[in-house]
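A short worksheet on the structure shown next.
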Amino acid sequence: MPTALITGATSGIGAAFAARLARDGRDLVLVARDGDRLEAAAARHRERGVTAEVLVADLSTVEGRERVAARLADQDAPVDLLVNNAGAGQRQPFLKADPAAILGQHDLNVTAVLQLTRAALPGMVQRGRGAVVNVASMLGLVTGSGSTYTAEKAWVTVFTEGLAATLAGTGVRAMVLCPGFVRTEFHERAGMDMGARRGLLWLEAERVVEECLADLARGKVVSVPSPQYKALAVLVDLLPRPVLRRVMAAAERGRGRR
Ligand SMILES: NC(=O)c1ccc[n+]([C@@H]2O[C@H](COP(=O)([O-])OP(=O)(O)OC[C@H]3O[C@@H](n4cnc5c(N)ncnc54)[C@H](OP(=O)(O)O)[C@@H]3O)[C@@H](O)[C@H]2O)c1
């Protein structure tokens, strides 16, 4: 089976991608910053009989991105599925957040997706097969909520839709995954208190990944897992942009009062 490279493969959605792809018999390249955690994950996947390489890299840095880009461009060990999953947000609104942290988040959520996709695609196109799955968010479908995260995920969505058109006829696919709330470490890392994380709008990472890979197999360009979020996506499409802006601004004010 072709090799898959997954960024942010130690936790949440990325860990669920790695587990599912290992079950499918795919060899893996796992990327994240925490080397011990990566080695532990790789050891678990190897028990399934697949190869699991570990690549320690901070994708918010030039050096980290270059190391992963070089691995993706290596024609002697081709990667035919790239999952650009690593990403982060922060609770602080734009004017209060540390400017260096804003730029670091941008480099992780946007620059890394751009650079790794660009590194992976020439080889895939040459081989006439492969896929890039970029993990955005439902938030990328709405207007900004005062932070840069929404804009970054909107970029990932529009970038991937354009890419899918560019790749038509090459045998290579691009798909964007737009999850809603998923029970992972994401919100805790961002310093957000999300309460009990119960209810219809909270999904498990495994389910998000199952639906994503089924959508990839169906040839979709945008994957929105679960009927509840599919319905929300339709609603967002129907709402006039000024109404959407007012709804998001009210949500932001509500968040600020908490
Ligand atoms: N959870 C949600 O509700 C939700 C909803 C919509 C979209 N998403 C998106 O889903 C993706 C995965 O998030 P998650 O919820 O699974 O979060 P998570 O549980 O916090 O996992 C994040 C993963 O990314 C890695 N990572 C973080 N910063 C990194 C960096 N600078 N360089 C390399 N790796 C880095 C982490 O490992 P290390 O710390 O070891 O680097 C970890 O493996 C993100 O793109 C996120 O925006 C999440």
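Net charge within 9 Å of residue 136 by Cβ-Cβ distance, Lys/Arg positive one each and Asp/Glu negative one each, not counting residue 136 itself?
0
Of 90, 45, 4, which is farthest along the charge dipole of the chain in the positive direction, counting Lys and Arg as +1 and Asp and Glu as -1 at C-beta?
90
Taking all protein chains as present, what is the carbon and sulfur share of the accessible area of region 76-201, in % to the nearest whole number, probe 1.4 Å?
Solvent-exposed carbon and sulfur of region 76-201 make up 60 percent of the total.
Averaged per residue, what accessible surface does the chain expose to a 1.4 Å probe, in Å²?
Per residue, the chain has an accessible area of 48 Å².
Relative to the Cα centre, what is the charge dipole magnitude of region 135-258, using +1 at the beta carbon of each Lys and Arg, -1 at the beta carbon of each Asp and Glu, and rounding to the nearest 20 debye?
500 debye
For region 117-172, run through the chymotrypsin sites (Phe, Trp or Tyr not before Pro) and keep only the ones in DSSP coil with at most 15 other Cβ atoms within 10 Å of their Cβ.
none
Can you check what the net charge comes to around residue 168, using other residues whose Cβ is under 15 Å from the Cβ of residue 168 (Lys, Arg +1; Asp, Glu -1)?
Computed value for this residue: +2.
Placing +1 on the Cβ of each Lys and Arg and -1 on the Cβ of each Asp and Glu in region 57-109, which of 79, 64, 102 has its Cα farthest towards the positive end of the resulting dipole?
Sorting the options by dipole projection puts first 102.
How much length is gained on full extension from residue 63 to residue 34, taking 0.36 nm per residue of separation minus their Cα-Cα distance?
Answer, rounded to one decimal: 8.9 nm.
In Å and on Cα atoms, what radius of gyration and Dmax does region 3-257 show?
17.8, 55
Given 180, 163, 191, which one lies farthest toward the positive end of the charge dipole of region 127-219, if we put +1 on the Cβ of every Lys and Arg and -1 on the Cβ of every Asp and Glu?
My answer, from the dipole projection, is 163.
Would you work out the relative contact order for the chain, in percent, from Cα pairs under 8 angstrom that are 6 or more residues apart?
17 percent
Mind checking the dipole of region 216-258: about its Cα centre, +1 per Lys or Arg Cβ, -1 per Asp or Glu Cβ, Debye to the nearest 20?
In total the dipole reaches around 200 debye.
Any idea what the dipole of the chain comes to, in debye rounded to 20, about its Cα centre with Lys/Arg Cβ at +1 and Asp/Glu Cβ at -1?
About 940 debye.
Restricting to the chain, compute how many DSSP beta bridges are antiparallel as a %, nearest 5.
Roughly 0 percent of the DSSP beta bridges within the chain come out antiparallel.
The values are calculated or read from the model by the stated rules, or taken from the named source; none is laboratory data. Note that the structure is predicted; figures quoted are calculated from it, not measured. Cβ sites come from the backbone with ideal geometry, for glycine too, and all protein chains shown count toward neighbours. Calculation scope for accessible area: heavy atoms of the full protein, side chains included, ligands and nucleic acids excluded. Shrake-Rupley method; radii C 1.70, N 1.55, O 1.52, S 1.80 Å.
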